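The structure appears below as structure tokens.
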Amino acid sequence: MQTKPTTIEIDMNKLEDVLRRAEATLNEEDYAMVKAVVESYTYIANLVGDKNTTIARLRKMLFGASTEKIAAVIGGGADSNTSLAQDADAPLAASAEGNAETVSALTADTENAVETPRPASGYPGHGRNGADAYTGAEKIAVPHASLQPGDPCPKCDKGTVYDSRPGVLVRLVGQSPIQAKIYELQKLRCNLCGIVFTAQSPDGVGEEKYDATAGSMIALLKYGSGMPFYRMDGLQENLGIPLPASTQWDIVHAKAEQIEPAFDELTRQAADGDVVHNDDTTIKILELMDKRARQQALAEDSPEDSAKKKPSERSGMFTTGIVSTREGRRIALFLSGRQHAGENLKDVLVRRATELPPPIQMCDALTRNLPGKLQTILAHCLAHGRRQFVDVAERFPEECRHVLETISVIYHNDAIAQERNLSPEARLRFHQAESGPTMEELHAWLARQFDERRVEPNSALGGAISYLLKHWEKLTLFLRVAGTPLDNNICEQALKKAILHRKNALFYKTCHGAHVGDVFMSLIYTCEFCGANPFDYLTEIERHAGELSANPQNWMPWNYRETLTGTATPSGTATPSGTAP
């Protein structure tokens, strides 16, 4: 039976004294736990004491928002059923006049249905997968037992049978991620001289115990799907094919060294992108943490203070995500360590070809995202500006509805431009004609709220309005520069790879281990961008490590298959690693 807790008044100075005494008497692990509880209490108490904090906002800050649809943020209204939904990072994309045309630029991991029901056929991806969806399946041709093309028809005895579209059976089987084969080579011993004769190993067995496919599967599960080594260790043990965590690391470590040239070439080509997106998220690297910090959750610096510090002075650690686009091709890079997103972007852009103009940089408004003195055409994320109003929509529903529905017009127009497959220049002209007047009207409305004293500048709504006005030029760069994206959602979605790994594996032990993770995540996510099979790609570039080192530009995820075709022998077998075709 729960008892009512006793209410006592706590002086924060006395609480700090208690912590100091606890530090002297408790061991490090217990002290870290007590300190974390006290700091959490202080943080929650300050939030509750803030007059701008509502219960709903507190729950959203602690547990996150499930969606940012207009209908969910503000509630039902006259236009709520005609607004198009985007994911939690992407704003709505429907016209304010009630155009209910569906926009397909939605992320795959978020429910994106509008409120009005539609037939299931309107949703891509619903229903069973056809045989064509199993691109990685082994295909087995099964001939007819008694007939061949050209034979007389056994039914009517007059016609002739010919080939038609085959019938298809799909059968799925389970197996362990890493399989093993044991070859028992027969040995014969002479009873007179004692010489032992051993059978030759079958063709294709190879000299290495671990095939290239083993490293590819381990890397995909660890860095592509967030499965820690110890978890796979337990799974393999249960399936009767033991693979210790330490052995898994040895395999992926050796593989990373062989495929490093691909990562280096990927970085070089990313530097030449027309548009670069960057952002970062926190990470833990034990090698960079002091003894006590290893027992505690990572404490982030505030963005403003941390951006002013040199990497050697910071306590925070970050994984930077960079997505570079050029000629319709996307490249993903992940870089982990002390440096912020802007510093890592600078390290990439210094490799940019000197004859190329400055790239468009898309990021949020934090100063730590800027690449120092390197010149970029800076654009800010419209989704971040929209989120300022989402956060205060419960207290100012009508004002926020106006802003959110106005921004939804811009996303609706951009979806039309994508649907029409417009060139960057044509998209710019389209936005200038269709979105320009809408944004001008929104800017005038925002300014009028302050000029006519309808909104207090220091209020929560005033802060949201000030954010848009302060960054207006960079938020509306898509109206002036061809090829400028509306938001940074593509980079935030890429960072989910790093976040998934962080949630499951918790930390990296060393900086080198973090770099190995960056190499695999970059190659895996770039494969996903260009529709390549990451398992096949990682396997082939290891098997052709010699050619990769000599000509890495020919072994990128989007062209390695053409390279393999060019280096294949007449029999169709790839040439041995390190040899010329």
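The values are calculated or read from the model by the stated rules, or taken from the named source; none is laboratory data. Note that this is a predicted model, so its numbers are computed, not measured. Positions of Cβ are backbone-derived with ideal geometry, glycine not excepted, and every protein chain shown enters the neighbour counts. Calculation scope for accessible area: heavy atoms of the full protein, side chains included, ligands and nucleic acids excluded. Shrake-Rupley method; radii C 1.70, N 1.55, O 1.52, S 1.80 Å.
Suppose accessible area is computed on protein heavy atoms with a 1.4 Å probe; arrange R387, R326 from highest to lowest.
Largest to smallest exposure gives the sequence R326, R387.
Calculate the spin-label point distance for T367 paired with K158, positioning each point 7 Å from the Cα along the beta-carbon direction, and give it in nanometres.
9.0 nm
Please list the non-local residues whose amide H lies under 5 Å from the amide H of I377, H modeled 1.01 Å from N, same-chain partners needing a gap of 5 or more.
I360, Q361
So, counting K/R as plus one and D/E as minus one, what does the shell of residues with Cβ under 13 Å around K209 add up to?
On the way: positive: K181; negative: E207, E208, D211, D250.
Result for the local shell: -3.
Let me check I've understood the local charge: for H253, count other residues with C-beta under 14 angstrom from its C-beta, Lys and Arg +1, Asp and Glu -1. What total comes out? The partial results should precede the final answer.
Values: positive: K222, K255, K509; negative: D250, E257, E260, D518, E542.
Once positives and negatives cancel, what remains is -2.
Any idea of T6's accessible area? Nearest 10 Å², probe 1.4 Å.
Roll a 1.4 Å probe over it and T6 shows about 120 Å².
Compute, for T198, the solvent-accessible surface of its heavy atoms (probe 1.4 Å) with the complete set of protein chains present, and express it in square angstrom to the nearest 10.
That residue has around 70 Å² of solvent-accessible surface.
Given a 1.4 Å probe and heavy atoms of the protein chains only, how would you sort I416, I195, I331, largest accessible area at the top?
Sorted descending by solvent-accessible area, the residues read I195, I416, I331.
If R0 is 25 Å, what FRET efficiency do you get for V18 and S315 from their C-beta distance, rounded to 0.05?
0.55
Restricting to DSSP loop positions (anything but H, G, I, E, B) with no more than 12 other Cβ atoms inside 10 Å of their own Cβ, which GluC sites (Glu not before Pro) remain in the stretch 353-405? Please list the in-between numbers first.
Working: sites: E355, E394, E398, E399, E405; in loops: E355, E394.
Counting only loop positions with at most 12 other Cβ atoms within 10 Å, the GluC sites (Glu not before Pro) in the stretch 353-405 are E355.
Express in Å², to the nearest 10, the accessible area of H515 obtained by rolling a 1.4 Å probe over the protein heavy atoms while all chains stay in place.
60 Å²
Using the heavy atoms of the protein chains and a 1.4 angstrom probe, tell me the accessible area per residue for the stretch 315-360 in square angstrom.
Details: 1820 Å² over 46 residues.
Heavy-atom SASA per residue in the stretch 315-360 reads 40 Å².
Apply the a/c threshold of 1.5 to the C-alpha gyration tensor of the stretch 364-489 and tell me whether it is rounded, prolate or oblate. Each step should come with its number before you reach the end.
Details: a/c = 2.02, a/b = 1.36, b/c = 1.49.
Oblate, because a/c is 1.5 or more while a/b does not exceed b/c.
Hey, if we sort Y223, Y41, Y467 by accessible area with the 1.4 Å probe, largest down, what's the order? Display every interim value, and only then the final one.
On the way: Y223 5, Y41 110, Y467 40 Å².
The residues order as Y41, Y467, Y223, largest area first.
How much length is gained on full extension from L169 to R128, taking 0.36 nm per residue of separation minus their Cα-Cα distance?
13.4 nm
Counting other C-beta atoms within 10 Å, and keeping those with at most 13, which DSSP coil GluC sites (Glu not before Pro) do you find in the stretch 420-513?
Filter output for the stretch 420-513: E452.
Taking H as built 1.01 Å from N, whose amide H comes closer than 5 Å to the amide H of F396, not counting residues under 5 places away?
For F396, whose amide H was placed from the backbone, there are no distant partners under 5 Å.
Using DSSP to call loops (not H, G, I, E or B), can you name the trypsin sites (Lys or Arg not before Pro) in the stretch 502-532 whose Cβ has at most 13 other Cβ atoms within 10 angstrom?
Of the trypsin sites (Lys or Arg not before Pro), the ones in loops of the stretch 502-532 whose Cβ has at most 13 other Cβ atoms within 10 Å are K509.
Which is farthest toward the positive dipole end of the stretch 396-518 among L506, V455, A426, measuring Cα position about the Cα centre, with Cβ charges +1 (Lys, Arg) and -1 (Asp, Glu)?
Final value for the positive-end residue is L506.
Is the stretch 492-550 rounded, prolate or oblate when judged by the Cα gyration tensor, a ≥ b ≥ c being the square roots of its eigenvalues, rounded requiring a/c under 1.5 and prolate requiring a/b larger than b/c? Could the numbers behind the result be given before it?
Values: a/c = 2.72, a/b = 1.45, b/c = 1.87.
Cα axes put the stretch 492-550 in the oblate bin.
In terms of the Cα gyration tensor, with a ≥ b ≥ c the square roots of its eigenvalues, is the stretch 212-297 rounded because a/c is under 1.5, prolate because a/b exceeds b/c, or oblate? Mind showing how you got there, number by number?
Values: a/c = 2.30, a/b = 1.27, b/c = 1.81.
Since a/c reaches 1.5 but b/c is at least a/b, the shape of the stretch 212-297 is classed as oblate.
Using each residue's phi in the stretch 441-456, evaluate 6.51 cos²θ - 1.76 cosθ + 1.60 at θ = phi - 60° and report the 3J(HN,Hα) Karplus result to the nearest Hz, with x for Gly and Pro.
For the stretch 441-456, the Karplus curve yields 5, 5, 4, 5, 5, 4, 5, 5, 4, 8, 4, 9, 6, 7, 10, 6 Hz.
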